[in-house]
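First the structure, in the form of structure tokens, and then the observations on it.
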């Protein structure tokens, strides 16, 4: 078998294994919800959140040590070890009865999420630089395994429990997932080949960690905090968002949220190809710029606001003869009042309203027989502003954000082999840690902001701030690099001399 055919075989197996691992990593999101909804266990909201989040946290934190092992021993043995080691606590999950047992098992099988760091390093060593973006993008498409679990695991649990009549059979699901991990490990052993990046220059553990002192590692981590952490956070957050902001059923909200999550995994391969074709930095400009615009537009909440408007004041003093919704008379002077021009605000729910709608009315504040003086207020003005935040327009922006985040996830990792070709595991692991922590902490931040303000769109405010920070940092770095590499050209661009000459 030629090196080229070996590379394609390894890429296929890496992607398949990552799909399986990611599907297992996200099992608790479905399983815990099923157990609580069917009252098998009565856990608090905090306990539920911890059980769902702890595998994400474990898998994220373990990416750095697993990446170090991959750089040292190669992706093949480490990938197999991760899958087999995760299969044990996954199987033990089927025997859990007490909450701490669920917590321990979830903590254990969460290690499977570190498979991403292994796959990134193991894939990159098989492909030349001009193909690494495409290869890493294809591999990253395996995170669609999370969507597979979200779509298939509920039906699997219903089938295993005979439509909920034999609930104890839920225990078969973790066993099947554990068996799937073992089977994947066997297939991976049979159809992959060993290969390690050149490590001759590395003599010790601290030297292996040396790339982490570079600021660009943490900059890449911030990018990944946004494109991956934000993606994971929104995948969980959008369902309650739709339920509360648009009064949808949970089932409908889940379907709408899938419009965000499903394309993002598959589109990652396109992001890798685009990074190879146009350059990862240029792609990141497109990703961060478009996400910044969309998130900023989504900040404006669905709202109905009543503001003071132009009122009616008496031109001269006198006695009020009539005061109705349409007219106020003072002596011989008649004042015509404005009535509500667009009807009741509730009527504005029909149709698609892209821009805010405004209506105006004037209400009398005096009664018949009242004595008024010149310039006294007779009727106060009220301006009603209604912003529908139409659900389909909202979903279109959300789709664009998910689409661009999928491209961005590939573009971030396309940077790493260029800057750290011999430390892809370490650097990729650290970047993955930061991104995974984004997925764990962002929903917590969303909830805290919602609790403090009572406004659901504060989540978009936070994401807008993160996207802006990423874009500004990247642009400052690009400007600095231009000054260092081409100072004369940079001065011409800044002063406009080049444009004048042309």
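Laboratory data are not the source of any read-out in this text; all were calculated from the coordinates shown. What you see is a predicted model; the values in this text were computed from it and never measured. All Cβ positions, glycine included, derive from the backbone under ideal geometry; neighbour counts span all protein chains shown.
What is the helix-to-structure angle for 172-191, meaning the angle in degrees between its Cα long axis and the longest Cα principal axis of the chain, kept from 0 to 90 and rounded to the nearest 10?
Once rounded, the angle reads 50 degrees.
Let's test this: bin the Cα-Cα distances of the range 40-153 at 10 Å from zero up to the farthest pair and state each bin's percent.
The distribution over the range 40-153 is 13, 37, 32, 13, 4, 0, given as percents.
Please report, for the Cα atoms of the range 254-312, the Rg to one decimal and the Dmax as a whole number; what are they, in angstrom?
Considering the range 254-312 through its Cα atoms, Rg and Dmax are 19.3, 66 Å.
Relative to the first principal axis of the alpha-carbon coordinates of the chain, what is the inclination of helix 75-93, with its axis defined by its Cα atoms, in degrees from 0 to 90 and to the nearest 10?
Result, in degrees: 60.
Round to a whole angstrom and tell me the spacing of the C-alpha centers of the range 107-183 and the range 389-421.
With the range 107-183 and the range 389-421 each reduced to a Cα centre, they are spaced 21 Å.
Between residue 282 and residue 44, 0.36 nm times their residue separation minus their Cα-Cα distance comes to what?
81.1 nm
Helix-only estimate, please: 222 nm mean residue ellipticity of the chain, summing -39500 (n - 2.57) across DSSP H runs of length 4 or more and dividing by its residues, to the nearest 500.
Value at 222 nm, helices only: -21500 deg cm²/dmol.
When only alpha-carbon atoms count, how far does the chain stretch along each of its three principal axes, as whole angstroms with the largest first?
The Cα atoms of the chain stretch 102, 80, 35 Å along their principal axes.
Helix 458-485 versus the longest principal axis of the chain: what is the Cα-based angle in degrees, 0 to 90, to the nearest 10?
Long axis of 458-485 versus the principal axis of the chain: about 60 degrees.
In the calculated pair distance distribution of the range 76-143, what percentage of Cα-Cα distances lie above 21 Å? Please report the intermediate quantities before stating the final value.
Working: 912 of 2278 pairs.
In whole percent, the long-distance tail amounts to 40.
Can you tell me what the convex hull of the Cα atoms of the range 1-197 projects to on average, as an area in nm²?
Values: hull surface 43.1 nm².
Here the figure is 10.8 nm², rounded to one decimal.
What's the ranking of 136-142, 152-158 by average number of surrounding C-beta atoms within 10 Å, highest first?
136-142, 152-158
Can you tell me what percent of all Cα-Cα pairs in the range 123-194 are more than 15 Å apart?
Summing the P(r) tail past 15 Å for the range 123-194 gives 70 percent.
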